[in-house]
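Engineer: Once you've had a glance at the structure underneath, I'll fire off some questions.
The values are calculated or read from the model by the stated rules, or taken from the named source; none is laboratory data. Quick caveat: nothing in here was measured; it's all calculated off a predicted structure. FYI the Cβ positions are ideal-geometry reconstructions off the backbone, even for glycines, and counts take in every protein chain you see. Heavy atoms of the whole protein, side chains included, go into the accessibility calculation; ligands, DNA and RNA do not. Shrake-Rupley method; radii C 1.70, N 1.55, O 1.52, S 1.80 Å.
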Amino acid sequence: IDAARQQYFAARLPYRRLDTVTSRFSDLKNAIDPVADYLAERENDPAFTGFHRIEYGLFSKNSLDGLAPIADKLVADIATLNGRVRALRLAPEDLGAGVERQARFLADGQIRKGENRYAGSDLAEFSASFEGMEKNVDLLTPLLEGAAPDTARSIVKARTDIRAALDGLKQGQTDYPSY
């Protein structure tokens, strides 16, 4: 179980770094990342698949039973997502909109309610999601510095403040407490 939990996090956090683009593929997002709260039969719903179904098995049930087919489908869905993401050609406004959408999602939903009730890994996932947002900002900063330097400075400051707040929650160098 402990090894499977570590592998879960090793796969989950890189996925969260793609949050700014995964919403473009709702069919895959709904297979890879459905939350039981939004399903009619919650954890017993057949649509409860992907990461959260594995999280539920590993952290709530403390069991690997029945997870192999879920993991196999997740791997296939992630491979499909990888191909679609690689084929994307995003304009600067798409990058900015992705950051805005993800920031609103985190602020209005996940930060208030949490999403990973079984693993309690929300803080680590916020950080990973923010890393993905930072990558988009890195790509946009040269354009923004020329067009709107005050806005660029404001974003850099906000980014620094958010990263400091997240890092301040760590226990030790890398671990976040349960959310």
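Engineer: Quick check on Leu58: is it surrounded by 11 or more Cβ atoms within 10 Å (Cβ to Cβ), farther than 20 Å from Glu125 by Cα and modelled with pLDDT of 95 or more? Let's see the steps before the verdict.
Structural biologist: Numbers: surrounded by 11 or more Cβ atoms within 10 Å (Cβ to Cβ): yes; farther than 20 Å from Glu125 by Cα: no; modelled with pLDDT of 95 or more: yes.
No, not satisfied.
Engineer: Here is a further query. Being modelled with pLDDT under 90 and out of contact with any Gly (no Cβ under 7 Å at 6 or more places or on another chain) narrows it down to one residue among Ala107, Ala148, Ala165; which is it?
Structural biologist: On the way: Ala148 fails: modelled with pLDDT under 90; Ala165 fails: modelled with pLDDT under 90.
Answer to the check: Ala107.
Engineer: With the condition being of a type in the set (Val, Ile, Thr), I'd like the helices (runs of 4 or more DSSP H) fully within the stretch 1-63 carrying at least 3 qualifying residues.
Structural biologist: Output list reads 19-22.
Engineer: Let me ask you something else. Pairs under 8 Å by beta carbon, first residue small (Gly, Ala, Ser) in the stretch 142-168, partner part of a helix (DSSP H, G or I) and open to solvent by 60 Å² or more (accessible area, probe 1.4 Å), six or more apart or different chains?
Structural biologist: Matching pairs, first to second residue: Ala152/Glu145.
Engineer: While we're on this one: Return the pairs, sorted by first residue and then second, in which the second residue is surrounded by 12 or more Cβ atoms within 10 Å (Cβ to Cβ) and among the small types (Gly, Ala, Ser), the first residue lies in the stretch 59-82 and is more than 19 Å from Asn116 (Cβ to Cβ) and in contact (Cβ under 8 Å) with a residue 40 or more places away in the chain, the beta carbons are less than 7 Å apart, and the residues are 6+ apart or on different chains.
Structural biologist: That search, which allows pairs on different chains as well, returns nothing.
Engineer: Sticking with this one: Report, by residue number, each residue of the stretch 32-48 that is more than 30 Å from Gly96 (Cα to Cα) and surrounded by 14 or more Cβ atoms within 10 Å (Cβ to Cβ).
Structural biologist: Just the residues of the stretch 32-48 that are more than 30 Å from Gly96 (Cα to Cα), to begin with: 39-48.
Of everything in the stretch 32-48, those that are more than 30 Å from Gly96 (Cα to Cα) and surrounded by 14 or more Cβ atoms within 10 Å (Cβ to Cβ) turn out to be Leu39, Glu43, Asp45, Ala47, Phe48.
Engineer: Can I ask one more? If Gly83 satisfies all but one of (1) exposed (fewer than 14 other Cβ atoms within 10 Å of the Cβ); (2) within 26 Å of Tyr176 (Cα to Cα); (3) of a type outside the set (Val, Ile, Thr), what's the number of the condition it fails?
Structural biologist: Evaluating Gly83 over (1) exposed (fewer than 14 other Cβ atoms within 10 Å of the Cβ); (2) within 26 Å of Tyr176 (Cα to Cα); (3) of a type outside the set (Val, Ile, Thr) leaves (2) as the failure.
Engineer: Among the residues of the stretch 12-31 satisfying the criterion of being open to solvent by less than 50 Å² (accessible area, probe 1.4 Å) and under 11 Å from the mean Cα position of the chain (by Cα), which is nearest to Ala124 (Cα to Cα)? Reasoning before the result, please.
Structural biologist: Initially, the stretch 12-31 is screened for residues open to solvent by less than 50 Å² (accessible area, probe 1.4 Å), giving 12-13, 15-16, 19-22, 25, 28, 31.
After this cut, where a residue has to be under 11 Å from the mean Cα position of the chain (by Cα) as well, the list is 12-13, 15-16, 19-22.
Values: Arg12: 10, Leu13: 8, Tyr15: 12, Arg16: 10, Asp19: 14, Thr20: 17, Val21: 19, Thr22: 18 Å.
In this case the residue turns out to be Leu13.
For every residue, the table says whether it meets (1) without any contact (Cβ under 8 Å) to a residue 12 or more places away in the chain; (2) more than 22 Å from Val85 (Cβ to Cβ).
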position: Asp2; (1), (2): yes, yes
position: Asp19; (1), (2): no, no
position: Thr22; (1), (2): no, no
position: Ser26; (1), (2): yes, no
position: Ala31; (1), (2): no, no
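Engineer: Name the single residue, out of those in the stretch 143-163 being of a type in the set (Gly, Ala, Ser) and open to solvent by 60 Å² or more (accessible area, probe 1.4 Å), that is nearest to Asp94 (Cα to Cα). Working first, answer last.
Structural biologist: Taking the stretch 143-163 first, the residues of a type in the set (Gly, Ala, Ser) are 146-148, 152, 154, 158.
Checking the rest, the ones that are also open to solvent by 60 Å² or more (accessible area, probe 1.4 Å) come to 146-147, 154.
On the way: Gly146: 19, Ala147: 17, Ser154: 20 Å.
Step by step, filter the stretch 143-163, then rank; the result is Ala147.
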